[in-house]
Amino acid sequence: MNKKIFGILMVVMILVCAAVFGGIYMTRHIGKSEKVVSKESAEKRLAKMVDKINPQTGTPAKSPIEYDETEDEADELPDIDTCPIQVRASSKLYAEIYSSPEKAGSGTDGWLCEMAEGFNSQGHKVGTETVSVQIRKVNSGQALDYIATGKAVPEGFAPSSMLWADMLSAKGTPVEIISERLSGNVAGILLSNDTYDQIVEKYGSVDLKAITEATEAGEFAMGYTNPFASSAGLNFLICTLERYDLENPLSEEAKAGFQKFQRNVPFVALTTMQMREAAERGTLDGFIMEYQSYINDAMLSGNYKFTPYGYRHDNPLVSVESASPEKKEILRLFAEYCTSDAAKAKADEYGFNGMDDYVCEYEPVSGDILTAAQKLYKTNKDSGRPVVGVFVTDISGSMDGEPLTALQTSLINSMKYINPENHIGIVSYADDVTVELPIREFDLEQQTYFKGTVENLYAAGGTATFDAICVALDMIKKKMEEYPDAKPMLFVLSDGVTNVGYNLNDVRDVLSGLKIPVYTIGYNADLAALQSISSVNEAASIDASTADVVYQLKTLFNANM
């Protein structure tokens, strides 16, 4: 009888315990958002994966940092031939023009190219000589760097906006305005239809003030492009600063306002394509783009409303001071051709001149202020928060030789574009994963360890890319416990091949749950594999096998580090 009673009691206790612990398990996520649950699940899974990986610990080496006060920015620029000539000159005497891509591409983006071909076919003369123009496609920001450093100087410069010409003059390369407008365009903020309606309902209208206030409040996700390279990005930066202090966009009040706004910006895109892809995946509710690109894209014009902002993008044409009188005359003749009725009709057809009634509400700013605004962006883009970042370097056998040398050179050169307030570490991987440099503040001492560690990397073995990513994510997660308000970031420098350890499918949910962007830089790489990693959390992927990798990394770090 006693045994029977004891057995019944044991069954009851088991049922009670099961009910209690079952209830605890079933209610463990009550009151938590899906984001928190996903992050917690990702952290638990990551911890198990890192325990299984069991990374090694390296011995950091120091290497002295050499600072050159007369830093030669020209060395960071690739040869100008990396920027394609879209229309070649057809005569011995010609003027070369660096043009922004939206009018020096193909299709509806090829208006200036068509103008150049038409001009060259007509046999225009200066004096007794037949003349022509040559069009080279160069992003406005990069074109400014070529001209300002003297690395490659054309006779003419046709950026999207006059802002770049003003900056060029401020940097000591005076320009002469040939035409203030070849074809009309404006920059604008694209908002999804639902977001647009919500802002109108709350703020009464959609303008830059309403958009910045809504972004500050975290009411929608806003993105914009790198102001060091993009005309729309530079325009958006200076106008946002002026929104906070119209009289002095560089004031402490403007800086504080910008930091508040920037805190709720998910990321600054390196390219318009990266930003558009983020919007298509639903990451962004709003982003910036020029009207001509917007109106030519049925998906965008059907799903987003366009609100113009800032300074007009009227595609000016300027000549550099060093151009000869004959070549300046060629530019004048070409400008006349581009502003003829027939040229204007073609520009209209390609989406230019679509918002001619838009007038900028701001007074012009000097090139000096624009340059200072870029510097303000560099030091305040993270809204006072440090970046916690890890560089994951592939040292497998396939990286031996030129790929590893290129990795070391480009990474060491780019160090100077990392703000010293950030916290940086290094992980290397082949068959195994090694924590080469623990995450610490990027002060002068950490910089010497960073440089020495990169210099001492050597290649051999297999490729455990995702094992290394897991270890780096774990390092960042632990550092974030010390700096919870920091901005996490991870960089993978690799040839993209993985043949050891975990794969993307194993870690995709971890990446998605932690929301840590992974920027990939590919050296003779399987770029599709690297892009698939970066796309999980809206980061960029860079092809380092191109001649302009040093410049690309400079742009990447200026935008993000």
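With Cβ to Cβ distances under 15 Å as the rule, what net charge do the other residues near Phe258 carry (K, R +1; D, E -1)? Residues close to Phe258 contribute a combined charge of +2.
For a test of the definition: using alpha carbon positions, the gyration tensor, and the 1.5 limit on a/c, classify the range 444-501 as rounded, prolate or oblate. Here the range 444-501 falls in the oblate category. Values of log10 I(q)/I(0) for the range 284-330 across q = 0.27, 0.29, 0.32 Å⁻¹ run -1.06, -1.14, -1.24, by the Debye formula with one identical scatterer at each alpha carbon and no solvent. Averaged over its residues, the chain has an accessible area of 43 Å² per residue, based on protein heavy atoms and a 1.4 Å probe.
Rounded to the nearest 10 degrees, the angle from helix 549-560 to the longest Cα principal axis of the chain is 70 degrees.
Full extension of the segment from Glu349 to Leu246, taken as 0.36 nm per residue of separation minus the current Cα-Cα distance, would add 33.4 nm.
Expressed as a whole percent, the accessible area of the range 35-140 that falls on carbon and sulfur atoms is 44 (1.4 Å probe).
For the range 353-491, the carbon plus sulfur part of the accessible surface works out to 49%, probe radius 1.4 Å. Here the range 218-268 exposes an accessible surface that is 47 percent carbon and sulfur, computed with a 1.4 Å probe and the other protein chains kept in place. What does the C-alpha gyration tensor say about the overall shape of the range 310-349? Classify as rounded when a/c is under 1.5, otherwise prolate if a/b is larger than b/c, or oblate. Verdict is oblate for the range 310-349. With the simple spin-label model, which puts each label point 7 Å out from Cα in the Cβ direction, the Thr57 to Asn193 separation comes to 5.8 nm. Length gained on full extension, Ala460 to Asp431, computed as 0.36 nm times the residue gap minus the Cα-Cα distance: 9.6 nm.
One decimal place: the segment Ala256-Glu129 gains 40.0 nm when fully extended, by the rule 0.36 nm per residue minus the C-alpha distance. By its C-alpha gyration tensor, with a ≥ b ≥ c as the square roots of the eigenvalues, how is the chain shaped: rounded for a/c under 1.5, else prolate for a/b larger than b/c, else oblate? Prolate, because a/c is 1.5 or more and a/b exceeds b/c.
The values are calculated or read from the model by the stated rules, or taken from the named source; none is laboratory data. Just so it is clear, the structure is predicted and the values come from calculations on it, not from any experiment. Counting neighbours? That spans all protein chains shown, and the Cβs are built from the backbone with ideal geometry, glycine included. Each accessible area value is taken on the protein alone, full model and side chains, heavy atoms only, with ligands, DNA and RNA left out. Shrake-Rupley method; radii C 1.70, N 1.55, O 1.52, S 1.80 Å.
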